[in-house]
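Undergrad: Below is one structure. I have some questions about it.
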Amino acid sequence: MNTERVGTTPEGTPFHRWTLERAGTRIRLLTYGGVLQSVEVPDRNGNVADVVLGLPDAAGYPESRGSYFGALVGRYANRVAGAAFTLDGRTYRLARNDGPNNLHGGEEGFDRRVWDAEAVGGHGVRLSRISPDGEEGFPGRLEVSATYTLDADGALRIGYRAVTDAPTHVNLTNHTYWNLTGAGSGPATGHLLRIAAGRITPVDDSTMPTGELAPVDGTRFDFRTSRPVGPGYDHNFVLDGDESQDGESQDGERTAAELYDPVSGRVLTVATTEPGLQLYTGDHFDGKPYGPGEGIALETQHFPDSPNRPAFPSTVLRPGEVYASSTTYAFGVRR
């Protein structure tokens, strides 16, 4: 484990990069935005490559907007319709940074902040910060942390924790784009994907959920059996509960998705405590530095627009409660 200063925000705040390595996995993590800048793992022949999309120069992240490469996203990952919600009878207005809606916490969300960092054991880093009451329109002073740990098998686990002094909404995720052939190798939409989800939350023309939980049977959203991803996805999948064939781990995580690259043989398995997974195929990329479909985001989170959808799993956090969530990314190969 080592750390180095790699950049400065326009306001003059320095930020650092931490490097963790264990059991054949090496990650680089920035204190700016909690960005997972790189993840290096071997292929079936032992050749190591970086399998996430990132900027080669860490100092460039403060100037980069809109793609959320590897970022820690909050306070509310995904979209909030009309950039507003009502909680306990009071309406809160948020930034409209996605048409009329709020996306990924607003103009200056968690992905735009410099986090405090400390080592945890020999193979982990805890990022933490205090989000003040009213930041980006969200109520409550939120004490939040995200701990990135490599386990004995080289899997990466991200554990999130938050407490508040006033009722608020919290929904955190990591926004890494995966390309298991290697970053910069071309489209990843030929990867084979399986998602443990029999339903999705359909969206309208403004990409906001309609409130339905629609079955995937007979649609292009049926990834219950592994198949090529293809382009054109920016949708939330409702992860299976007790009926999941994968069972539950001791920490409450369930296998949510498996991504396989036939070219390299690399396999990514995603397990989470979250009820949803947003599949996004990066179709908006303009070639600077990546083209359309060169990365696949698998964002474990609560459903979009939950603050305005009482039938969805709640994202309300109240004083005295603890927001706790975790996601594990395990790496392997097939011969």
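The values are calculated or read from the model by the stated rules, or taken from the named source; none is laboratory data. Model, not experiment: these values are computed from the prediction. Backbone-built Cβ (ideal geometry, glycine too); neighbour counts: all protein chains shown.
Undergrad: Criterion first (of a type in the set (A, V, I, L, M), over 18 Å from A324 (Cα atoms) and either at pLDDT 95 or above or surrounded by fewer than 24 Cβ atoms within 10 Å (Cβ to Cβ) (or both)) does A119 satisfy it? Give the steps one after another, and end with the answer.
TA: On the way: of a type in the set (A, V, I, L, M): yes; over 18 Å from A324 (Cα atoms): yes; either at pLDDT 95 or above or surrounded by fewer than 24 Cβ atoms within 10 Å (Cβ to Cβ) (or both): yes.
So A119 fits the description; yes.
Undergrad: For the stretch 17-34, name all the residues that are out of contact with any Lys or Arg (no Cβ under 9 Å at 6 or more places or on another chain) and in contact (Cβ under 8 Å) with a residue 24 or more places away in the chain. So that I can check it myself, show each step before the final result.
TA: Looking only at the stretch 17-34, we keep the residues that are out of contact with any Lys or Arg (no Cβ under 9 Å at 6 or more places or on another chain), and these are 21-27.
Answer for the stretch 17-34, where residues must be out of contact with any Lys or Arg (no Cβ under 9 Å at 6 or more places or on another chain) and in contact (Cβ under 8 Å) with a residue 24 or more places away in the chain: E21, R22, A23, G24, T25, I27.
Undergrad: Within 26 Å of G74 (Cα to Cα) and in a loop (DSSP other than H, G, I, E, B): which single residue out of D222, D205, D217 fits that description? Break it down stepwise before answering.
TA: Details: D222 fails: within 26 Å of G74 (Cα to Cα); D217 fails: within 26 Å of G74 (Cα to Cα).
After applying the criteria, what remains is D205.
Undergrad: Also, I was wondering about something else. Which of the following residues is in contact with a Lys or Arg (Cβ under 7 Å, 6 or more places away or on another chain) and not charged (D, E, K, R): P42, P14? Give the derivation first.
TA: Details: P42 fails: in contact with a Lys or Arg (Cβ under 7 Å, 6 or more places away or on another chain).
Selected residue: P14, the only one of P42, P14 that is in contact with a Lys or Arg (Cβ under 7 Å, 6 or more places away or on another chain) and not charged (D, E, K, R).
Undergrad: Here is a further query. Filter the stretch 279-314 down to the residues that are of a type in the set (V, I, T) and either assigned to a strand (DSSP E or B) or surrounded by fewer than 22 Cβ atoms within 10 Å (Cβ to Cβ) (or both) and list them by number.
TA: So in the stretch 279-314, the residues of a type in the set (V, I, T) come out as 281, 296, 300.
Residues satisfying the conditions are I296, T300.
Undergrad: Could you tell me which residue of the stretch 91-112 is surrounded by the most Cβ atoms within 10 Å (Cβ to Cβ), considering only residues that are under 17 Å from L317 (Cβ atoms) and among the small types (G, A, S)?
TA: G105
Undergrad: Now for a different question. Evaluate the following for T164: is it within 29 Å of T281 (Cβ to Cβ), in contact with a strand residue (DSSP E or B) (Cβ under 9 Å, 6 or more places away or on another chain) and among the hydroxyl-bearing types (S, T, Y)?
TA: Here the answer is no, as T164 does not meet what is asked.
Undergrad: Would you be able to tell me the number of residues in the stretch 19-45 that are in a loop (DSSP other than H, G, I, E, B) and surrounded by fewer than 24 Cβ atoms within 10 Å (Cβ to Cβ)?
TA: As a first pass, look at the stretch 19-45 and keep what is in a loop (DSSP other than H, G, I, E, B): 23-24, 31, 33-35, 43-45.
With the extra rule that they be surrounded by fewer than 24 Cβ atoms within 10 Å (Cβ to Cβ), the set shrinks to 23-24, 43-45.
Going through the stretch 19-45 one residue at a time, the tally reaches 5.
Undergrad: Among the numbered conditions (1) over 30 Å from G232 (Cα atoms); (2) not in a loop (DSSP other than H, G, I, E, B), tell me where G140 comes up short.
TA: If we test G140 against (1) over 30 Å from G232 (Cα atoms); (2) not in a loop (DSSP other than H, G, I, E, B), just (2) comes out false.
Undergrad: Anything in the stretch 125-134 that is surrounded by fewer than 20 Cβ atoms within 10 Å (Cβ to Cβ) and either part of a loop (DSSP other than H, G, I, E, B) or touching a residue at least 40 places away in the same chain (Cβ under 8 Å) (or both)? List them, or say none.
TA: P132, D133, G134
Results for (1) at pLDDT 95 or above; (2) hydrophobic (A, V, I, L, M, F, W, C); (3) buried (at least 21 other Cβ atoms within 10 Å of the Cβ); (4) within 21 Å of the chain's Cα centre (by Cα), shown as yes or no for each residue.
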| residue | (1), (2), (3), (4) |
| --- | --- |
| T225 | yes, no, no, no |
| G232 | yes, no, no, yes |
| L239 | yes, yes, yes, yes |
| D242 | no, no, no, no |
| Q245 | no, no, no, no |
| S249 | no, no, no, yes |
| A257 | yes, yes, yes, yes |
| Y260 | yes, no, no, yes |
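Undergrad: So, in the stretch 189-202, of the ones that are assigned to a strand (DSSP E or B) and touching a residue at least 60 places away in the same chain (Cβ under 8 Å), which residue ends up surrounded by the most Cβ atoms within 10 Å (Cβ to Cβ)?
TA: Let us first name the residues in the stretch 189-202 that are assigned to a strand (DSSP E or B), namely 192-195, 197-201.
Now narrow it down to the ones that are touching a residue at least 60 places away in the same chain (Cβ under 8 Å): 192-195, 197, 201.
On the way: L192: 17, L193: 22, R194: 17, I195: 26, A197: 23, T201: 23.
Looking at residues that are assigned to a strand (DSSP E or B) and touching a residue at least 60 places away in the same chain (Cβ under 8 Å), I get I195.
Undergrad: Take the stretch 58-90 and flag every residue that is surrounded by 24 or more Cβ atoms within 10 Å (Cβ to Cβ), of a type in the set (G, A, S) and within 18 Å of N236 (Cα to Cα).
TA: Across the stretch 58-90, the qualifying residues are G74, A77.
Undergrad: State whether the residues of the stretch 167-188 include one that is touching a Lys or Arg at 6+ places or on another chain (Cβ under 7 Å), touching a residue at least 60 places away in the same chain (Cβ under 8 Å), surrounded by fewer than 20 Cβ atoms within 10 Å (Cβ to Cβ) and under 28 Å from T315 (Cβ atoms).
TA: yes
Undergrad: Just a yes or no: is a residue in the stretch 165-173 touching a Leu at 6+ places or on another chain (Cβ under 6 Å), farther than 21 Å from E321 by Cβ and part of a strand (DSSP E or B)?
TA: Taking the stretch 165-173 first, the residues touching a Leu at 6+ places or on another chain (Cβ under 6 Å) are 167-168, 170.
If we keep only those that are farther than 21 Å from E321 by Cβ as well, we get none.
No.
Undergrad: Looking at T328, T273, which is the one that is under 14 Å from T173 (Cβ atoms), free of Cβ contacts under 8 Å to residues at least 60 places away in the same chain and surrounded by fewer than 24 Cβ atoms within 10 Å (Cβ to Cβ)? Walk me through it before giving the result.
TA: Values: T328 fails: free of Cβ contacts under 8 Å to residues at least 60 places away in the same chain.
Exactly one residue qualifies, and that residue is T273.
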